């Protein structure tokens, strides 16, 4: 069986540092084997917000998918920090994706597939999660997408 | 004590098949005694999306309530699949309802009551849950409502 | 170490009664050591909704922060009811803040800091939580903010 860390390398990815929130909250909290991540924005490794704007007007679906993928990578980085390493992540349980979209937008699932596909690319069957994808009228810093996740981690 | 399966029959309802998502996610994930469902849309038994549109413009409150009830039935179907039967559901823990609504809409609780009432109709006291009801600027496929839930299930 | 109840008194605050929802749901549900609260609106002790309106138009950020703080106090009241007292709350695990905002709003984190800061003021390190802050196109009763939380409680 391929380890998640090996799969990450095969994909040519590396985990960014788990972003430190700038307010009175934290990037992850662990309770038993559950890890809740904070909502992650599409910041790249340099801390630059990728593709801000409203999906359906400023940002097209392919670009928003790439941003959702980046959010998912940041979620995984938080969970890996909580678990002392990505290979201690047992399962992706739940993903919630908020798409900064116009009132007539209806392709939220396509956007959040960018996050879900990365989870499965990295964790295989253990990456398959329950998911909700919804529209937000606005998001922090005008991000085009925000993703949060709940993980199960090993002892 | 009436079983949930008996109550379902008394209500003249039957569980739809737990809908298979079309993307890289699943309809439910179980972790210990917790079950997270994916966000459910108001698909009927034939897979037809009921009452698409924006509540307050295209869809009235009574129609949106019926759609929320359908979402809840789909959530229960997912949890029943996770638990090997509806009678193994121990408690509805949390319901989150997203209403596709105009900026001036304020009756989200009335809409999501369609989901909550069904939970209590079927499970009695065990159906009473913590709940959040919020507005979404848009939802997948222009659904008028989306509901996700967390359940506790028996061993 | 200062107890949460002592800190509450030092801050000149007192817990409101845990608000009883008017529909078929409850203010909190406990499952093992987890407590899920219902989404809380900025009702004050008299049951008056504070500062309704849309942030960025009707409500400024400082006012919305105060409303978010009130939502957080109401979340804590629910968790304290679940735990048989605020001093049995072990950790704030997750906070989700929905800001009733215009499409061009981008300062959701500043608004939800009103909730997060209160959690840390009262619980210290145990108050630091994972958090998501997102925009809602509308909220129940035209509230400017809604906050829900997940807590860990002691036996």
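Each value in this text was obtained by applying a stated rule to the coordinates, not by laboratory testing. Just so we're clear, the structure is a prediction, and the values are computed from it rather than from any experiment. Note: ideal-geometry Cβ built from the backbone for every residue, glycine included; neighbour counts use all protein chains shown.
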Hey, residue C:128 under 14 Å from the mean Cα position of the chain (by Cα) and within 7 Å of chain A (Cβ to nearest Cβ) or not
yes
Considering only strands (runs of 3 or more DSSP E) fully contained in the stretch B:1-103, which possess at least 3 residues that are crowded, with 16+ Cβ neighbours inside 10 Å and in contact with a helix residue (DSSP H, G or I) (Cβ under 7 Å, 6 or more places away or on another chain)?
B:89-100
Could you pull out the residue among C:118, C:141 that is closer than 25 Å to residue B:109 by Cβ and out of contact with any strand residue (DSSP E or B) (no Cβ under 7 Å at 6 or more places or on another chain)?
C:118
Out of all the residues in the stretch C:72-82, is one or more at the interface with another protein chain (Cβ under 7 Å from one of its Cβ atoms) and touching a residue at least 40 places away in the same chain (Cβ under 8 Å)?
no
Using the structure shown, decide if residue B:134 is facing another protein chain (nearest Cβ under 7 Å) and outside any helix (DSSP H, G or I).
yes
List pairs: first residue in the stretch B:101-119 and within 7 Å of chain C (Cβ to nearest Cβ) and free of Cβ contacts under 8 Å to residues at least 12 places away in the same chain, second residue assigned to a helix (DSSP H, G or I) and crowded, with 23+ Cβ neighbours inside 10 Å anywhere in the structure, Cβ distance under 9 angstrom, at least six positions apart or on different chains.
B:106/C:140
Return the total of residues in the stretch B:1-41 being under 16 Å from the mean Cα position of the chain (by Cα) and within 14 Å of another protein chain (Cβ to nearest Cβ).
15
Subset of the stretch C:124-155, residues surrounded by 24 or more Cβ atoms within 10 Å (Cβ to Cβ) and farther than 17 Å from residue A:38 by Cβ, comes to C:136, C:137, C:138, C:139, C:140, C:143, C:144, C:145, C:146
Provide a single number: the residues in the stretch C:104-119 that are crowded, with 19+ Cβ neighbours inside 10 Å and part of a helix (DSSP H, G or I).
10
